[in-house]
Amino acid sequence: MEMTAQDARDAQHGADVADGEDGAGATQRLGMLLAWHGSATETRMRKALNDAGLTPRHAMTLMHLDGGPVSQRALAERLEVDPSVLVGILNDLEREALVERRRDPADRRRHNVAITPAGSAALRTTNAALDGLERVLFAALSPQDRDTLRGLLNRIDSNAEDFTCGE
């Protein structure tokens, strides 16, 4: 089940009430605090990406292709999506001329995916939008704080099977 911003606010309020007199629920329940900030951040991120003309899945796909062509199978593994889901993503991106799929000359059964010049331009716009958002989100954090936060978030027990995409 996907947690909405309202669900996170309700859960945070519920934790505050459950904690009673000390009022520390929002800061003591790390899961609720993470859900609240995650939901608020996702909303802001989606707006920034939408302003750049992409969905989060489209942006992530272009980011993975920025280093050069990748086989369709490897791209599905990197994105942690079912290959059938990737086909839909690539269809969208191809329709906008942001990526190209070509048969691998060494193995005609395999498709390689490459970002196009238009895709690179869209990715630059996307990265600029995300850079601006992250400057605002993390303004109160030093570079060391950001590195620490990144390391801590990478250690949280979550995986792709727990994720529900709202796209």
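The values are calculated or read from the model by the stated rules, or taken from the named source; none is laboratory data. No experiment lies behind these values; they were computed from the predicted model shown. Cβ atoms come from the backbone with ideal geometry, glycine included; neighbour counts cover every protein chain shown. These accessible areas exclude ligands, DNA and RNA; they are computed on the full protein's heavy atoms, side chains included. Shrake-Rupley method; radii C 1.70, N 1.55, O 1.52, S 1.80 Å.
Before moving on, here are some points about what is shown:
- Every condition in (1) within 23 Å of Ala48 (Cβ to Cβ); (2) out of contact with any Leu (no Cβ under 7 Å at 6 or more places or on another chain) is met by Thr116 except one, and the failing one is (2).
- Cβ pairs under 6 Å, 6+ apart, first in segment 34-53 and touching a residue at least 12 places away in the same chain (Cβ under 8 Å), second open to solvent by 60 Å² or more (accessible area, probe 1.4 Å) and not in a helix (DSSP H, G or I): Ala35/Met3
- Residues satisfying the stated conditions in segment 21-62, i.e. open to solvent by 60 Å² or more (accessible area, probe 1.4 Å), of a type in the set (Ser, Thr, Tyr) and either modelled with pLDDT of 90 or more or touching a Ser or Thr at 6+ places or on another chain (Cβ under 8 Å) (or both): Thr43
- Odd one out for Asp147 among (1) closer than 22 Å to Ser71 by Cβ; (2) among the charged types (D, E, K, R); (3) at pLDDT 95 or above: (1)
- Where helices (runs of 4 or more DSSP H) fall entirely within segment 63-167, those with at least 1 residues that are touching a strand residue (DSSP E or B) at 6+ places or on another chain (Cβ under 9 Å) and open to solvent by less than 70 Å² (accessible area, probe 1.4 Å) are at 72-79, 83-95, 117-137.
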